[in-house]
Amino acid sequence: MIQSINFPIAPSCVAPYGGWDALKDRLDALCVDGVEGIWDPDEIDERFPASMLTGCHLVFYPDWLDFYRENTSELLRKFGSMETVLKAFPGPKPEDLVRVFRADLARAIRYGAKYTVFHVSDVSQEECWTYKWLHDDYAVMDASLEIINEILRGVEHTFDFLVENQWWPGFTFTEPKKTEYLLSRINYPRVGIMLDTGHLMNTNPALKTQEEGVEYIRGHYRAHGELAKAVLGLHFHQSLSGDYVRGHVGTYPESVPRDFFEGFSVNYFHVQHIDRHDPWTVPEAGLLLHEIAPRYLTHELIGKENCPQLEATKLQLDAIQKGFALL
């Protein structure tokens, strides 16, 4: 099992650790193999050592489907103006979106990524608050499949291509028939799933404890039967945000700025309250990991002021070890 932490490959992110070599030393001390990187196209760090890269999380745009389908009326409603749309996306045409994905994939291959991760989801800022979806799962999956098959066309089969579940419209890992629909239509032999445990928990705001979360994840994993073998990786974290969701979801607050970029900043913190990326701290998490036995394990944790990312990673590693000791 290859272990990593999620980490942006950017000078500003590694600077607090004293550089890449210093970060590697700290990961070595935790017996973590490297980073699942994500590149900021505006801040490429050429000093990043390829040997630290386990996998690559491909670039993603939260609200992209209407742009890709050239639905001008919806774009104007959500973004306010075509000028704002052009600032939010890498060019005026759907092929510009594909171009960015293709370039990101090529960079991952060049750096020797063992796997790549692709979000199959679409959500607007308004939907993040209302949970009233503008597109259904199949619409998001079909458009994602067009992009996926285009960027994978002609590439060598040197890496695993993993689709990641969300709780937004798209791929959620809650319905096996939809999982099969998505996987069976990707034209690449090394396709699999990066199962995000926290995102799966976000599909059920009724969860109260980590133990309940483990059983919920286990239930969906087992319900997939033979399809569960496609789970090659885990984004490992837990998210118990039901109280927040019940108190803040249902309507689009008037207090949220309707200017797209101002609203984005407010929405970012709102989503972080839903998708908590907290470490597992119960031994049952180790039992879950043992059952799934992924090829890739990413400790996908958000460092908080009282518990920075590497400290949170150690907490989660300790919980895993306590679980393994019960086997």
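The values are calculated or read from the model by the stated rules, or taken from the named source; none is laboratory data. Owing to the predicted nature of the structure, the values given are computational and were not obtained by experimental measurement. All Cβ positions, glycine included, derive from the backbone under ideal geometry; neighbour counts span all protein chains shown.
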Discussion item. List pairs: first residue in segment 90-108 and hydroxyl-bearing (Ser, Thr, Tyr), second residue not in a helix (DSSP H, G or I) anywhere in the structure, Cβ distance under 9 angstrom, at least six positions apart or on different chains.
Written reply: none
Worksheet, complete the sentence: Subset of segment 283-315, residues surrounded by fewer than 22 Cβ atoms within 10 Å (Cβ to Cβ) and over 21 Å from ARG222 (Cα atoms), comes to ILE302, GLY303, LYS304, GLU305, ASN306, CYS307, PRO308, GLN309, LEU310, GLU311, LYS314, LEU315
Practice prompt. Could you grab the pairs with beta carbons closer than 9 Å, sequence gap of 6+ or different chains, first residue in segment 54-66 and closer than 15 Å to GLU127 by Cα, second one at pLDDT 95 or above and among the β-branched types (Val, Ile, Thr)?
Written response: TYR61/VAL100; PRO62/VAL123; PRO62/VAL271; ASP63/VAL123; LEU65/VAL140; ASP66/THR72
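Quick check, is ALA113 in a helix (DSSP H, G or I), touching a residue at least 12 places away in the same chain (Cβ under 8 Å) and of a type outside the set (Lys, Arg)? First the steps, then the outcome.
Working: in a helix (DSSP H, G or I): no; touching a residue at least 12 places away in the same chain (Cβ under 8 Å): yes; of a type outside the set (Lys, Arg): yes.
Taking the combined requirement at face value, the residue does not satisfy it.
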Response to the item:
Within segment 1-52, the residues that are within 22 Å of LEU315 (Cβ to Cβ), touching a residue at least 12 places away in the same chain (Cβ under 8 Å) and either out of contact with any helix residue (DSSP H, G or I) (no Cβ under 9 Å at 6 or more places or on another chain) or aromatic (Phe, Trp, Tyr) (or both) are ILE2, PHE7, GLU36
Worksheet entry | Selected residue (criterion: modelled with the lowest pLDDT) from residues of segment 281-305 that are assigned to a loop (DSSP other than H, G, I, E, B) and either more than 28 Å from GLU127 (Cβ to Cβ) or of a type in the set (Gly, Ala, Ser) (or both) | GLU305
Worksheet item: Has segment 130-138 got any residue that is farther than 22 Å from ASP275 by Cβ and at pLDDT 95 or above?
Response: yes
Fill in: Residues located in segment 189-223, provided they are closer than 18 Å to ARG295 by Cα and buried (at least 16 other Cβ atoms within 10 Å of the Cβ)
VAL191, GLY192, ILE193, MET194, LEU195, ASP196, THR197, ILE217, TYR221
Worksheet entry | Flag for SER73 being exposed (fewer than 15 other Cβ atoms within 10 Å of the Cβ), under 19 Å from ASP136 (Cα atoms) and free of Cβ contacts under 8 Å to residues at least 12 places away in the same chain | yes
Worksheet item: Under 8 Å by Cβ, and 6 or more places apart or on different chains, what pairs join a residue from segment 131-144 that is among the aliphatic types (A, V, I, L, M) with one that is modelled with pLDDT under 95?
Response: none
Discussion item. Give me the helices (runs of 4 or more DSSP H) completely within segment 157-271, filtered to those with at least 1 residues that are over 19 Å from the mean Cα position of the chain (by Cα), under 24 Å from LYS114 (Cα atoms) and not polar (S, T, N, Q), ordered by residue number.
Written reply: 176-184
